[in-house]
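Have a look at the structure below, then the notes.
The values are calculated or read from the model by the stated rules, or taken from the named source; none is laboratory data. Since this is a predicted model, take the numbers as computed values, not measurements. Don't worry about glycine lacking a Cβ; one is built from the backbone with ideal geometry, like all the others, and counts go over all protein chains shown. Surface areas here come from the heavy atoms of the whole protein model, side chains and all, with no ligands, DNA or RNA. Shrake-Rupley method; radii C 1.70, N 1.55, O 1.52, S 1.80 Å.
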Amino acid sequence: MKLGIALGGGGVRSAAQLGVVQALLEDGIVPEIYAGTSGGSIAASLLALGYEPIKAFEKFKVTRNVLDIAFVHIIAGMTSKEKMIQGLFKGKRLEKSLNQIFDGKRIGEIEKPLGIATTNLIDGSQLIFTNETQYDWSKIEYAYTEWNSWGDLNLSEIVRASCSLPAVFLPKQLDYRTLVDGGLTNNLPSDIAFAMGADRVVTIALSSYESNYKLEGIPSILRQTVDIVTKRNVDIDARYHDMTLRLPLDDVNILDFERLEECFTRGYVAGKEKLPLIRESLSNLAI
């Protein structure tokens, strides 16, 4: 039985996913196929590169300082009728940091199966980047999907695209495509793991909206907007999930980099607590 793991988006909350995987590995549960979206694509990529979760978390922490304000772009958008403001941060520092933690690897150089979801902002399609050359289209839930197996693309470019939260980061341009956060079309990509050959998939969900959440400004509005959209996607795709672990991290802002260590610890504790349920679920679903 090939076990896959699907890591959803959630900004810095995605550090908790590495904590969960650490708990799984300590119990002998070893994923072989990795799929990720947004912040989850960072964690999934590090694991697919072969890093143990604790080492992967140390690399993940490099993303603390990635917010590079797009001053020129913003000023141009404010002073020109022809140019519009598309985001607050350039994303170049994020991509540079990702290239550092991925050791400059191209997606085709990764041996373990990896799938990363992005969204084409122009036509609303899902663009999946993978190092696999064979996949099962019938497993993909979203009809407007394109697969990309270009092994020569830098992993940092792909993950930067998947992490490009609309209106926060400028979109990533790849060829004729304008790519943004994969969470808009597939925030919990368990179907991608299935399509790449997984028999069973453990999914880790991070986003959910609160009915009593207090809106206090642009950052909180952006967070709540994204959480509403991504929670809907997770609920729609629920039929694909063998085992879904939902982490209670609603109190953590998606850009609250100072709470990375806390997120990892909370993920590890939650993973330990849920191990009996995960083992039972995987055993009941075993082929």
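Can Thr178 be described as of a type in the set (Ser, Thr, Tyr), crowded, with 19+ Cβ neighbours inside 10 Å and farther than 17 Å from Thr63 by Cα? Full working, then the answer.
Numbers: of a type in the set (Ser, Thr, Tyr): yes; crowded, with 19+ Cβ neighbours inside 10 Å: no; farther than 17 Å from Thr63 by Cα: yes.
Spelling it out, it is not the case that Thr178 is of a type in the set (Ser, Thr, Tyr), crowded, with 19+ Cβ neighbours inside 10 Å and farther than 17 Å from Thr63 by Cα.
Let's see how each residue does on (1) at pLDDT 75 or above; (2) part of a helix (DSSP H, G or I); (3) in contact with an Asp or Glu (Cβ under 9 Å, 6 or more places away or on another chain):
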| site | (1), (2), (3) |
| --- | --- |
| Ala193 | yes, yes, no |
| Val202 | yes, no, yes |
| Ser220 | no, yes, no |
| Gln224 | no, yes, yes |
| Asp235 | no, yes, no |
| Arg239 | no, yes, yes |
| Thr244 | yes, no, no |
| Arg279 | yes, yes, yes |
Legend entry - Tabulated pairs, the stretch 266-280, first of a type in the set (A, V, I, L, M, F, W, C), second open to solvent by 70 Å² or more (accessible area, probe 1.4 Å) and in a helix (DSSP H, G or I), C-beta under 9 angstrom, 6+ apart or interchain: Leu275/Glu26
Inset, instruction - For Arg64, work out the one condition from (1) at pLDDT 80 or above; (2) under 18 Å from the mean Cα position of the chain (by Cα) it doesn't fulfil. - result: (1)
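Counting residues that are in contact with a helix residue (DSSP H, G or I) (Cβ under 9 Å, 6 or more places away or on another chain), open to solvent by less than 60 Å² (accessible area, probe 1.4 Å) and modelled with pLDDT of 90 or more, which strands (runs of 3 or more DSSP E) fully inside the stretch 96-168 reach at least 3? It would help to see each step written out before you state the result.
Numbers: elements: 114-120, 126-130, 145-148.
Where strands (runs of 3 or more DSSP E) fall fully within the stretch 96-168 and carry at least 3 residues being in contact with a helix residue (DSSP H, G or I) (Cβ under 9 Å, 6 or more places away or on another chain), open to solvent by less than 60 Å² (accessible area, probe 1.4 Å) and modelled with pLDDT of 90 or more, they are 114-120, 126-130.
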Inset, instruction - Of all residues in the stretch 242-255, count the ones that are buried (at least 17 other Cβ atoms within 10 Å of the Cβ) and of a type in the set (D, E, K, R). - result: 1
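Evaluate the following for Gly9: is it outside any helix (DSSP H, G or I), open to solvent by less than 10 Å² (accessible area, probe 1.4 Å) and farther than 26 Å from Arg279 by Cβ?
Working: outside any helix (DSSP H, G or I): yes; open to solvent by less than 10 Å² (accessible area, probe 1.4 Å): yes; farther than 26 Å from Arg279 by Cβ: yes.
Against the criterion (outside any helix (DSSP H, G or I), open to solvent by less than 10 Å² (accessible area, probe 1.4 Å) and farther than 26 Å from Arg279 by Cβ), Gly9 qualifies.
Just give me the residues in the stretch 27-71 being part of a helix (DSSP H, G or I), surrounded by fewer than 19 Cβ atoms within 10 Å (Cβ to Cβ) and in contact (Cβ under 8 Å) with a residue 12 or more places away in the chain, in sequence order. Step through it out loud before you land on a result.
Step one: of the stretch 27-71, the residues part of a helix (DSSP H, G or I) are 39-48, 53-65, 71.
Checking the rest, the ones that are also surrounded by fewer than 19 Cβ atoms within 10 Å (Cβ to Cβ) come to 54-55, 58, 61-62, 64-65, 71.
Correct list: Ile54, Lys61, Val62, Arg64, Asn65.
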